[in-house]
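Undergrad: This is the structure I want to talk about, given as structure tokens.
The values are calculated or read from the model by the stated rules, or taken from the named source; none is laboratory data. Computed from a predicted structure; not experimentally measured. Areas reflect the complete protein model, heavy atoms only, side chains present, ligands, DNA and RNA absent. Shrake-Rupley method; radii C 1.70, N 1.55, O 1.52, S 1.80 Å.
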Amino acid sequence: MKVSVDQDKCVSSGQCVLNASEVFDQRDEDGVVVLRETAPGPDQTDNTRRAAAACPALAIQIEE
């Protein structure tokens, strides 16, 4: 799994962090998504998929 984010699309909802805090974070100044892990391990696969599905701006892309 390879993960990327489009910070320009991000609306700072925080759903990514709520679902996969080991993979995603948010900038302190504006809450925009920050990708902590571009290739999450098997233990984070489900959480990462949930985070992408929960993103209201569709700012998270996953390649298998």
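Undergrad: Which count do you get for residues in the range 14-38 that are open to solvent by 60 Å² or more (accessible area, probe 1.4 Å) and part of a loop (DSSP other than H, G, I, E, B)?
TA: The total comes to 9.
Undergrad: With the requirement that a residue be within 16 Å of Lys2 (Cα to Cα) and part of a loop (DSSP other than H, G, I, E, B), what does the range 39-63 give you?
TA: Once the filter is applied, which keeps residues that are within 16 Å of Lys2 (Cα to Cα) and part of a loop (DSSP other than H, G, I, E, B), the range 39-63 yields Ala39, Pro40, Gly41, Leu58, Ala59.
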